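This report concerns only the one structure given below.
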Amino acid sequence: MWDLQKLTDRSSSSSLASWKRFSLAVLACTGTTLVATPLLAYLDLANIVMLFLLTVLLIAVSLGLAPALLSAFLSVGLFDFFFVPPRFSFEVHDGQYLVTFTVMLAVAIITGQLTAGLRRHADESDTEALRSRALYEMARDLSGALMVEQVAEITRKFLRSVLNADATILLPDSTGALHPCSGQDAARLQIEPRFAIIAFERGTSIDCVQLANSGYAALYLPLKAPMRVRGVIAVAPMDGQTDFLLSQRERLETMASLAAIAVERLHYIDVAQRTQVQVVSERLRSSILSAVSHDLRTPLTALVGLADSLTVSKPPLGAVAQETAAAIRDQSERLAGLVGNLLDMARLHAGEVTLQKEWQPIEEVIGSSIKLLGRGLVEHPVKVALAKDLPLVEFDAVLVERVFCNLLENAAKYSPPGSGIEIDAHVKGDTLEVAVSDSGPGFGPGKSPALFEMFVRGEAESATPGVGLGLAICSAIIEAHGGSIAAANRLQGGACVSFTLPLGDPPIIEEEILHPDGERQP
Amino acid sequence: MNERVGDHSPVVIVVEDEKLIRRFVRTSLEEEGCRVVEAGTLAQGLLESGNQKPDLVVLDLGLPDGNGIDFIRDLRAWSDVPILVLSARSHEKDKIQALDVGADDYLTKPFGVGELRARARALLRRQSRGGEGATPIVEFGDVQVDLSRRVVTRNGEALHLTPIEYRLLCALLANTGKVMTQRHLLRDVWGPSSVESNHYLRVYVGHLRQKLEDDPTQPKYLLTETGVGYRFQP
């Protein structure tokens, strides 16, 4: 994918073939000697020196500093031995040649160093260019990544080929604990979790050179994205040499932020998709529920209304027909109540219900539910005993009204006609405790917790109608409010269902400012 | 069937898509002495409202051919005929919205004939009373309110109400039988900047009940329409 093989070749070429380069330098010097020997008859010694200098220069340019130095010394030796009289000896008679040797050596060394330096720079900038290109290509590949695993793989490949390092991307789960991104064979690289956590939480990179040799990741870079830190990338040099890695810190950080942006982009794609799925399924659920509830309620409304209009029709029906009409009306009203309970339960279970919580006195819903039940309570006088100065409580009035209606209905259903029902409310700890009790036979023994499950009734086969949804709905509603509900028998006889609502911090009601000379008071 | 001969019998338009519901609504309103015009769709309902100049409109909010709220808005643009809304329980938002755009009262399905007739009667009475001979004295239970003198008495004894309590009582009395949404009452009594302070309203209604009702926990006159608002029922 990347043209990095070349890069590796180039950097190894200068070290791998060093013996070759030295032999080449020796060969070149020998060659120069061989060429110069026949020319000695025609050329001045000064020009022969030039030939040697040229050779040294060429070696410096093509083979680097060390061979150039070797060839400089070699050239001086060869020149002295083969050309300076007395020839074929290292003796020098003319002191001037010492100057020639020195200059020759100096020129060789200086040019060698200069050209070698130039060459190194050229090599380095080539490498830099290749690395930058690799970084650019990584960015391009990351922008096409569709999964976090791909991001991890692309990042690792980059590090391995460009910086000769191994890496693992660590991503936080929902609890904030970091885990290696799955799908990579990352087990090889040991992670020091504390460093990873620090890098993740502080957003700064951590390095620990000592760890590098023991197979642990030595560098922990936070994946800093525009919104927040998305994870940590742990990097370890493949050869245990951290110096090179540390010198590339800037590049590593660039790479980390590229990876971070890719991870963040994927995160938001994920969020968007999930939201869409959720919206679609919620819409479906709520449209099914409202269609069902409309389709069930419409015929029930007609049934209740038509039967009721028969009971009051003029001229009046005969006594038997009248009684029948009233019975049809009552039964369809009850059916409507049951359907209402079923739909409530479905809605509560589907999570369709969002609580419309408001601060309010509990007595208000007690009053409205007693009023709502109306005819159902004529045989059961309700006694409401509220503690003085009850605080406001935050709850959904419509739902808590359902709770009271269901409890009162149960109490009326299971206690003999004429017996009273008591509602009692008081503060208990940091909750408001409300109890609805009757004077009926009470609950059967050992049934309490099961009563709040769906379709469970106090008596298995009783003549009293009902499907056992009422208490289950009460329990669902109270739990949604963060309260609890319990059933018990009273000592003096009768069933008692009590529930709690958390008190919280009610808003302050400012007292009215009354001007003594203000409005005329009624 | 029209018992109020001579006097023109009130015209009621029933906008409801279910034929059987229309049928019993029709018979029970006819027994109240009304002339009933049926409409199966909102479009037809709007048309009939223009033609018949009704004294009352009974409107089902869940009609298939459109939004009942828009119907109320359209109708309110040119008419202040009382509107009685029919709606299912657990649709409190719809009810509040309907009341806020101009509906006068609602009935929760399923409902009995007696309830329907009582609501219709109350709305028709309010409509016919208009400005004529409105008395400044309102009586309910053992309470007497003299609106002209701003005096409230119970069993002949003067009651002390704070200014806010009195304003709240007046707002409820001025709309006898009509459901007042919480938002509406807050705006009337506390001003437009207080429409979010529902708890104030609840606390002050509680104060009024303490002073005016026999049993404040089971009020007879100052009634709660849970999740919607309050209603004064003499």
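Quick check: is even one residue across segment B:65-74 crowded, with 21+ Cβ neighbours inside 10 Å and either more than 14 Å from every other protein chain (Cβ to nearest Cβ) or more than 30 Å from A:Asp344 (Cα to Cα) (or both)?
Quick first cut of segment B:65-74, residues crowded, with 21+ Cβ neighbours inside 10 Å only: B:68, B:71-72.
Pick out the ones that are also either more than 14 Å from every other protein chain (Cβ to nearest Cβ) or more than 30 Å from A:Asp344 (Cα to Cα) (or both) and you get B:71-72.
Yes: one or more hits.
Name the single residue that is farthest from B:Asp17 (Cα to Cα) among those in segment B:54-69 being at pLDDT 90 or above and not β-branched (Val, Ile, Thr). Result: B:Asp55.
Give B:Ser9, B:Ser49, B:Ser28, B:Ser87 a once-over and let me know the one that is within 17 Å of B:Arg126 (Cα to Cα) and within 22 Å of the chain's Cα centre (by Cα). So that I can check it myself, show each step before the final result.
Values: B:Ser49 fails: within 17 Å of B:Arg126 (Cα to Cα); B:Ser28 fails: within 17 Å of B:Arg126 (Cα to Cα); B:Ser87 fails: within 17 Å of B:Arg126 (Cα to Cα).
After ruling out the rest, the residue left standing is B:Ser9.
Here A:Thr100 meets each of (1) at pLDDT below 80; (2) more than 25 Å from A:Ser125 (Cβ to Cβ); (3) under 58 Å from the mean Cα position of the chain (by Cα) with one exception, condition (3).
Yes or no: segment A:343-360 includes at least one residue that is out of contact with any Gly (no Cβ under 9 Å at 6 or more places or on another chain), β-branched (Val, Ile, Thr) and at pLDDT 85 or above. The answer is no; no qualifying residue exists.
Residues that are within 12 Å of chain A (Cβ to nearest Cβ), within 24 Å of A:Ile508 (Cα to Cα) and polar (S, T, N, Q): does segment B:173-181 have at least one? Spell out the reasoning first.
At the first step, the residues of segment B:173-181 found to be within 12 Å of chain A (Cβ to nearest Cβ) are none.
No, segment B:173-181 has no match at all.
Do any residues in segment A:160-173 that are closer than 18 Å to A:Leu258 by Cβ have Cβ atoms under 8 Å from those of residues that are aromatic (Phe, Trp, Tyr) and not in a strand (DSSP E or B), where the two are at least six apart or on different chains, and which pairs are they? Taking only residues 6 or more apart or on different chains, the pairs are A:Ser161/A:Trp2; A:Val162/A:Trp2; A:Leu163/A:Phe244; A:Leu170/A:Phe200.
Which count do you get for residues in segment A:292-315 that are part of a helix (DSSP H, G or I) and facing another protein chain (nearest Cβ under 7 Å)?
Filtering segment A:292-315 down to residues part of a helix (DSSP H, G or I) leaves A:292-311.
Those left that are additionally facing another protein chain (nearest Cβ under 7 Å): A:293-294, A:297-298, A:300-302, A:304-306, A:308-309.
Qualifying residue count, segment A:292-315: 12.
So A:Gly442 ticks every box in (1) on the phi < 0 side of the Ramachandran plot; (2) at pLDDT below 90 but one. Which box is left unticked? Condition not satisfied by A:Gly442: (1). Of all residues in segment B:183-200, count the ones that are modelled with pLDDT of 90 or more and in contact with a strand residue (DSSP E or B) (Cβ under 6 Å, 6 or more places away or on another chain). Total meeting the criteria: 0.
Taking helices (runs of 4 or more DSSP H) that do not extend beyond segment A:4-72, which have at least 3 residues that are at pLDDT 85 or above and surrounded by 19 or more Cβ atoms within 10 Å (Cβ to Cβ)? Talk me through it step by step, then tell me what you get.
Numbers: elements: A:4-16, A:18-39, A:45-63.
Ranges flagged: A:18-39, A:45-63.
If I filter segment B:152-162 for residues that are within 13 Å of chain A (Cβ to nearest Cβ), small (Gly, Ala, Ser) and loosely packed, with under 15 Cβ neighbours inside 10 Å, do I get at least one hit? The answer is yes, given that some residue of segment B:152-162 is within 13 Å of chain A (Cβ to nearest Cβ), small (Gly, Ala, Ser) and loosely packed, with under 15 Cβ neighbours inside 10 Å.
When we screen B:Arg202, B:Arg149 for residues that are without any contact (Cβ under 8 Å) to a residue 40 or more places away in the chain, of a type in the set (Lys, Arg), within 13 Å of chain A (Cβ to nearest Cβ) and within 21 Å of B:Lys95 (Cβ to Cβ), the only hit is B:Arg202.
When you look at A:Thr324, is it more than 9 Å from every other protein chain (Cβ to nearest Cβ), over 30 Å from A:Pro391 (Cα atoms) and part of a helix (DSSP H, G or I), yes or no? So that I can check it myself, show each step before the final result.
Details: more than 9 Å from every other protein chain (Cβ to nearest Cβ): yes; over 30 Å from A:Pro391 (Cα atoms): yes; part of a helix (DSSP H, G or I): yes.
Answer is yes for this residue.
Residues in segment B:211-229 that are more than 10 Å from every other protein chain (Cβ to nearest Cβ) and either surrounded by fewer than 21 Cβ atoms within 10 Å (Cβ to Cβ) or of a type in the set (S, T, N, Q) (or both): B:Lys211, B:Asp214, B:Tyr221.
Quick check on A:Gln331: is it out of contact with any strand residue (DSSP E or B) (no Cβ under 8 Å at 6 or more places or on another chain), in a helix (DSSP H, G or I) and either within 13 Å of chain B (Cβ to nearest Cβ) or surrounded by 15 or more Cβ atoms within 10 Å (Cβ to Cβ) (or both)? Write out each step before concluding.
Details: out of contact with any strand residue (DSSP E or B) (no Cβ under 8 Å at 6 or more places or on another chain): yes; in a helix (DSSP H, G or I): yes; either within 13 Å of chain B (Cβ to nearest Cβ) or surrounded by 15 or more Cβ atoms within 10 Å (Cβ to Cβ) (or both): yes.
Spelling it out, A:Gln331 is indeed out of contact with any strand residue (DSSP E or B) (no Cβ under 8 Å at 6 or more places or on another chain), in a helix (DSSP H, G or I) and either within 13 Å of chain B (Cβ to nearest Cβ) or surrounded by 15 or more Cβ atoms within 10 Å (Cβ to Cβ) (or both).
Among the residues of segment A:353-372, not a single one is more than 12 Å from every other protein chain (Cβ to nearest Cβ) and more than 24 Å from B:Lys109 (Cβ to Cβ). Run A:His380 past the list (1) part of a helix (DSSP H, G or I); (2) crowded, with 19+ Cβ neighbours inside 10 Å and report the number of the one that doesn't hold. Here A:His380 clears every test but (1). If the condition is being buried (at least 18 other Cβ atoms within 10 Å of the Cβ) and at the interface with chain B (Cβ under 7 Å from one of its Cβ atoms), then segment A:385-396 contributes only A:Leu392.
One residue is enough: does segment A:364-379 have a residue meeting the conditions of a type in the set (Ser, Thr, Tyr), within 30 Å of B:Gly114 (Cβ to Cβ) and within 48 Å of the chain's Cα centre (by Cα)? The answer is yes, given that some residue of segment A:364-379 is of a type in the set (Ser, Thr, Tyr), within 30 Å of B:Gly114 (Cβ to Cβ) and within 48 Å of the chain's Cα centre (by Cα).
The values are calculated or read from the model by the stated rules, or taken from the named source; none is laboratory data. Keep in mind that what you see is a predicted model, and the values were worked out from it rather than measured. Please note: Cβ atoms are built from the backbone with ideal geometry, for glycine as well, and neighbour counts cover all protein chains shown.
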